[in-house]
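Let me begin by presenting the structure, written as structure tokens, before commenting on it.
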Amino acid sequence: MDSDFFLGLEKIHRITSLQRFELYLHLVAMNGSVFNARYDDFKISDEDNGYALSLGKFSGTIFGDAMEYAENIKFTTFDRDNNELTMRNCAHSFKSGWWYKRCSNCNLNAPYGRDLNWWGSKQKETKMLIRPKKSNEEVSN
């Protein structure tokens, strides 16, 4: 792919509800340094549950688990404010939907620039990739 692409929350939910998936994050910092993060049991809930995020165990070369803060948090968009701040819609503030709790420790869905970050460290590029876990055990819904 040569440009930005988002599969969509409903499709991601349907895919990740069939079996166990891992999430791999490829992050390129503004200075060109490359990092990764992995989560061993990635899934999102259905629309009725706000496409809440579930990650599993973290590992990687990036400093700290910035997405841990978003565990079990519903996805916030411009028209569905699910973050905990009553006076602020984080999707409006950061020009993107994301699993915001009180805005974010990371935002990998923001437009390129100051808001695309991991623990406040600006990112030049991010990729979020999923793949089935090596074992094909079924996931209980």
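Any read-out appearing in this document is the output of simple, stated calculations on the displayed coordinates, not a laboratory observation. Note that the coordinates shown come from a computational prediction; the quantities given were computed from them, not determined experimentally. Here Cβ is always computed from backbone atoms with ideal geometry, including for glycine, and neighbour counts include all displayed protein chains.
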Quick one: Kirkwood hydrodynamic radius for the stretch 7-96, alpha-carbon pairs, angstrom, one decimal? 14.4
Scan around Phe21 for amide H atoms under 5 Å from its own, H built in the peptide plane at 1.01 Å from N, and keep only partners 5 or more places away or cross-chain. Phe42, Lys133
Given charges at Cβ of Lys, Arg, Asp, Glu: the chain dipole, positive-most of Met30, Ile44, Asn117: Met30
Simple SL model, points at 7 angstrom along Cα→Cβ for Val28 and Lys127; separation in nm is 0.9
Given charges at beta-carbon only (K, R positive; D, E negative), |dipole| of the chain in Debye: 360
